[in-house]
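**Student:** Below is the structure I would like to discuss, written out as C-alpha cells.
The values are calculated or read from the model by the stated rules, or taken from the named source; none is laboratory data. For clarity, every value in this text was computed on a predicted model and none was experimentally measured. In this analysis, Cβ positions are derived from the backbone assuming ideal geometry, glycine residues included, and neighbour counts consider all displayed protein chains. The protein model used for the area step is the full one, side chains on, heavy atoms only, and it has no ligands, DNA or RNA in it. Shrake-Rupley method; radii C 1.70, N 1.55, O 1.52, S 1.80 Å.
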Amino acid sequence: MRSLKMSKFLNLVMVMVATSSTTAMRECNIVDWGAVGDATTSATEAIIDAVEACGADGAGGRVVIPFDDSSRGLNRFLTGSFELLYDNLEFHIEAGATLLGSTLEDDYPLIPILPSYGTGRDVDSEQRYRPLIFASNVTRLSLTGSGVVDGQGETWWVKHFARQLLWSRPRLVECMYCTDVLIEDLTFQNSPFWTIHPYASQGVTVRRVTVTAPGWAPNTDGVDPDSCRDVLIQDCVFKAGDDGVAIKSGLNEYGRSFGMPSENIRVENTTVEPEFDNGSTNGVSIGSEMSGGVRNVTVDGLFVANCAVGVYIKSMDGRGGVVEDISFRNVVAEQVIEPIRFAMDYTYRRRRRLGALEGDGGDDGGGDDDDTTPYFRNLSVINLTATRAVVAGTFEGLPASQIEGVYLKDVTVTGKDPGSTQRGSGTGGYRQEGPQFDGPKFKCRNVSGIAIRTAPEACF
C-alpha cells in the first residue's frame with residue numbers, strides 16, 4: 001500500500017512537470033494510478049485520482065481509459081459511480097477498451113432527486129443513485145474515444161421489475177448545469193436507466209454515438225435532453241429498449257416551477273432500430289415530462305424501424321407546459337405501428353385498441369384551461385415515408401386545448417399489405433380486425449391543421 005501511494009505521488013509530480021514544460025494537453029492514464037483492466041478489480045479510486053491529477057488546477061487535461069494489445073485482454077475496467085469535477089476535462093476511452101459499470105448498489109452514492117421532477121423516476125423518494133459517469137456545474141467537458149461504456153444493466157432491470165430497489169436506477173451518463181459538453185464516437189450499452197442525460201445544460205453535442213440494449217431493457221432511452229438549450233444530436237444509432245431521443249423539461253408542478261424549457265435542439269441523421277418492437281420504443285419523442293416547455297426543435301434525417309411510434313409528441317392533462325415550433329423532416333419509417341403521434345392522452349401504459357378515438361365513450365379529460373393544461377402548436381412533418389404501418393397517425397388534443405397549426409407535406413403512409421387481411425402479426429400487439437384492411441388511416445380529435453400531398457387523406 002505504501003509503495004502504491006508513493007507511485008501515485010510520483011505520477012502526480014510527473015504530470016505537474018510535464019504540464020509546466022509544454023503546452024500540449026496532459027494525459028492521465030488510469031493504469032498509472034493503479035487501475036487493472038481485469039473486469040473484477042475496482043478501478044474507481046484510480047479514475048478519481050486521475051481526474052484529480054488532470055483537473056484540479058483548472059488547466060484541464062485528458063483522462064485516458066487505455067487499450068493495450070499486449071495486456072492479454074486486460075482492457076475491461078470495472079468502476080462504480082465517479083464524478084468529473086473540473087472544467088476543461090476530456091474523458092477518453094480508447095478503441096478496444098471498455099469501462100464496466102459495477103452491479104453493486106453500494107458503488108453508487110445517493111444524491112438528491114432532480115428539482116424539476118420532485119420525486120424519483122422509479123421510486124417516490126428524495127434521493128436517487130448517482131449516475132455511473134456524473135458531472136455537475138462544469139464547462140468544456142468531453143467524453144471521447146472509440147471505446148465502450150457498458151452499464152451491465154441486467155441486474156438493475158431485474159431488480160426494477162421485481163420492485164426490489166429502494167432508490168431510482170442510475171443513468172449511465174449525466175451532466176447537470178454544464179456548458180459546452182461534447183460526447184463523441186463512443187458506444188454505450190446496457191444502461192441501468194436512461195443512457196445519456198444532459199440536464200439543465202447548454203451547448204451539448206452528441207455525435208456519432210451508438211447506444212444498445214436488449215429490447216426488453218426498461219427505460220434505456222438513448223439521449224434525453226432535459227431542460228437544455230442549444231443541443232445537437234448528430235449521426236447517432238440507437239438500438240435499445242426505449243426511445244432513441246426523448247426531449248424533456250420536468251414533471252408537472254415541479255417542472256413548471258423549475259421553469260427551464262428545452263429549446264434550440266437539432267437531431268440530424270439518426271437511426272432508431274431496436275431488435276424488436278416492445279410496444280414502448282419510439283424514434284424521437286417529446287415528453288411526456290414537458291412541463292417546463294419545449295420549443296424550436298428540428299429533426300432532420302430520421303430512419304426508424306421496429307418501433308411503436310416514429311415521431312411522437314406526448315403529454316396529458318396535468319402536465320401543463322407548451323410544445324411549439326417543432327419540425328420533423330426527411331423521415332423514413334419501416335414497420336412502425338404509428339409513424340406520427342401528437343397526443344395529450346399519454347399514460348405510462350400506452351397500449352390501446354385501434355378504435356379508441358372513434359367514440360368509445362372514454363373520458364375526454366382536460367375540462368379546465370389552467371396552468372396544468374398542456375398546449376401544442378406549430379408542429380410540422382415534411383417528407384415522411386412510412387411502410388407496413390397500422391395507423392397512419394394520431395392527432396389528439398384536449399377539449400380545453402386543441403392542437404394548433406399542424407402542417408403535413410409530402411407524407412405517404414402505407415400498410416403492411418394494403419388490400420389484404422391484417423390480424424396483428426408483427427404489429428406489436430395492435431390488431432386491425434375484420435375481413436378487409438384497406439390501409440392505415442389518420443385519427444383526429446381536437447386538432448386543426450393543413451395537409452399537402454398527404455396519403456392517406458388527413459383528418460383535419
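**Student:** Which loop-located chymotrypsin sites (Phe, Trp or Tyr not before Pro) does the stretch 103-154 contain, where loop means any DSSP state but H, G, I, E or B and the Cβ has at most 16 other Cβ atoms within 10 Å?
**Tutor:** none
**Student:** Turning to a different aspect of this structure: Looking at the stretch 200-308, which chymotrypsin sites (Phe, Trp or Tyr not before Pro) are in a loop (DSSP not H, G, I, E or B) and have at most 14 other Cβ atoms within 10 Å?
**Tutor:** W216, F276
**Student:** How much space per residue, in cubic angstrom, does the convex hull of the C-alpha atoms of the stretch 204-251 take up?
**Tutor:** 55
**Student:** Any chance you could look up the accessible area of E273 with a 1.4 Å probe, heavy atoms only, rounded to 10 Å²?
**Tutor:** My reading of the accessible area for E273 is about 60 Å².
**Student:** Could you compute how much accessible surface R140 exposes when probed at 1.4 Å, giving the result in Å² to the nearest 10?
**Tutor:** My reading of the accessible area for R140 is about 120 Å².
**Student:** Go ahead and run the numbers for FRET between E154 and D235, Cβ-Cβ distance against an R0 of 41 Å, rounding to 0.05.
**Tutor:** So the FRET efficiency works out to roughly 0.90.
**Student:** When the convex hull of the Cα atoms of the stretch 87-189 is projected onto a plane and the area is averaged over all directions, what value comes out in nm²?
**Tutor:** In nm², the orientation-averaged hull projection of the stretch 87-189 is 6.7.
**Student:** Output the peptides 383-390, 144-151 sorted from most to least packed, where packing is the average of other Cβ atoms within 10 Å over each peptide's residues.
**Tutor:** So the peptides 383-390, 144-151, ranked by packing, come out 144-151, 383-390.
**Student:** Let me know the shape class of the stretch 235-315, please: from the alpha-carbon gyration tensor, a ≥ b ≥ c as square roots of the eigenvalues, rounded when a/c is under 1.5, otherwise prolate if a/b is greater than b/c, or oblate.
**Tutor:** Oblate shape, in that a/c is at least 1.5 and b/c is the bigger or equal ratio.
**Student:** Is the stretch 144-237 best put as rounded, prolate or oblate by its Cα gyration tensor, with a ≥ b ≥ c the root eigenvalues, rounded for a/c under 1.5, and otherwise prolate when a/b is larger than b/c, oblate when not?
**Tutor:** Oblate is the answer for the stretch 144-237, as a/c is 1.5 or above yet b/c matches or exceeds a/b.
**Student:** In addition: Restricting to Cα pairs below 8 Å that are 6+ residues apart, what does the relative contact order work out to for the stretch 51-105? Please round to a whole percent.
**Tutor:** Relative contact order here is 44 percent.
**Student:** Which distance in nm do the two modelled labels at T103 and L85 give, with both placed 7 Å along the Cα-to-Cβ direction?
**Tutor:** 3.1
**Student:** Rounded, prolate or oblate, given the Cα gyration tensor of the stretch 279-333, with a/c below 1.5 counting as rounded?
**Tutor:** Oblate.
**Student:** In addition: What full-extension length gain, to one decimal in nm, is calculated for E126 and Q164 as 0.36 nm per residue of separation minus the Cα-Cα distance?
**Tutor:** Stretched out fully, the E126 to Q164 stretch lengthens by 12.0 nm.
**Student:** What's the FRET efficiency of N269 with S146 using the Cβ-Cβ distance as r and R₀ = 22 Å, to the nearest 0.05?
**Tutor:** Efficiency at R0 = 22 Å is approximately 0.75.
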